[in-house]
1. Could you work out which residue, out of Pro177, Pro68, Pro120, moves most in a Gaussian network model of the chain, that is, has the largest mean-square fluctuation with Cα springs under 10 Å?
2. Find, among the chymotrypsin sites (Phe, Trp or Tyr not before Pro) in segment 53-118, those assigned to loop by DSSP (not H, G, I, E, B) with at most 15 other beta-carbon atoms within 10 angstrom.
3. Which percent of the accessible area of the chain is formed by carbon and sulfur heavy atoms (probe 1.4 angstrom)?
4. So how strong a dipole does segment 61-165 carry about its Cα centre when Lys and Arg Cβ are +1 and Asp and Glu Cβ are -1, to the nearest 20 debye?
5. Sequence-distant or interchain residues sharing an amide H contact under 5 Å with Cys96, placed H: which?
6. Suppose only helical runs count, i.e. DSSP H with n ≥ 4. What mean residue ellipticity at 222 nm does that imply for the chain under -39500 (n - 2.57) per run, divided by all residues and rounded to the nearest 500 deg cm²/dmol?
7. List the pairs from Lys8/Lys127; Lys85/Lys173; Lys127/Lys205; Lys27/Lys173 whose alpha-carbon separation is above 26 Å, in the order I gave them.
8. How large is the charge dipole for the chain, taken about the Cα centre, if only the Cβ atoms of Lys, Arg (+1) and Asp, Glu (-1) carry charge, to the nearest 20 debye?
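The values are calculated or read from the model by the stated rules, or taken from the named source; none is laboratory data. Values in this document were obtained by computation on a predicted structure and should not be read as measured data. FYI the Cβ positions are ideal-geometry reconstructions off the backbone, even for glycines, and counts take in every protein chain you see. The area values use the complete protein model at the heavy-atom level, side chains included, leaving out ligands, DNA and RNA. Shrake-Rupley method; radii C 1.70, N 1.55, O 1.52, S 1.80 Å.
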Amino acid sequence: GSLLRHHKRPHLHVSKEKLNATATSIKMYAQFIQTIRRTIEKGFGIAVNVPAFKSMHKVARLSFREDPHYMAFYKVVRQTIEYAKTFSDATVALICDDEPSKACECYKQYDVMRQNVKQPENRRVLKSIAFGDSKHYMQLQAADLLAWILRAESLYEFFGERYSIRELLPEFKSSDPSFKLQIAPAFYDSDQLKAYEAECLKWAKAAKKV
């Protein structure tokens, strides 16, 4: 809150479509990252190569409602569950940015995960999901900032596109002992998606669904 007041901002807002920033803005965002790193323990980030996802066989795409958004949602929730399992009786309440076009489907994905008998830890760990306006949740603003930077990094990893906010990624990875945040980004490129597609097709053929 004090850092927002210092910069005369009601909330921290980033535009996911604008991946370049001035040197002054990058310096300001670095200050927010330093605060985030001192107060948040773990950060997960998933990026999916969209053209590669869309080129997969429908059997593979159906696992994630034929939308890479839900693949990213599933993967980051699973990573959160795996991390929570390292603590005794830890539970998780999810708060997601309220995106009207995605919220209902995210809830359906969440429910499917909790009903999955092959992953009983999902129900044991996941206790609730809610959607809120990021303007009123600093945690969502912190997540948006990390997602913004990882999106720029993924576009470089996938397509070689260079954006200035990639300069901020090392801020999240600093080895400063006063920072406790650890981030675990994962980029699903075309090779990884092809491997996943092959697994899905193998399963589907065994089940005689293709």
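1. Looking only at Pro177, Pro68, Pro120, the largest GNM fluctuation is found for Pro177.
2. Phe87
3. C and S atoms contribute 52 percent here.
4. Details: 15 positive and 15 negative charges, 91 e Å.
That gives a dipole near 440 debye.
5. Placed amide hydrogens put Ala130, Phe131, Gly132 under 5 Å from Cys96.
6. On the way: 10 runs with 114 residues, N = 210.
Value at 222 nm, helices only: -16500 deg cm²/dmol.
7. Lys8/Lys127; Lys127/Lys205
8. 360 debye
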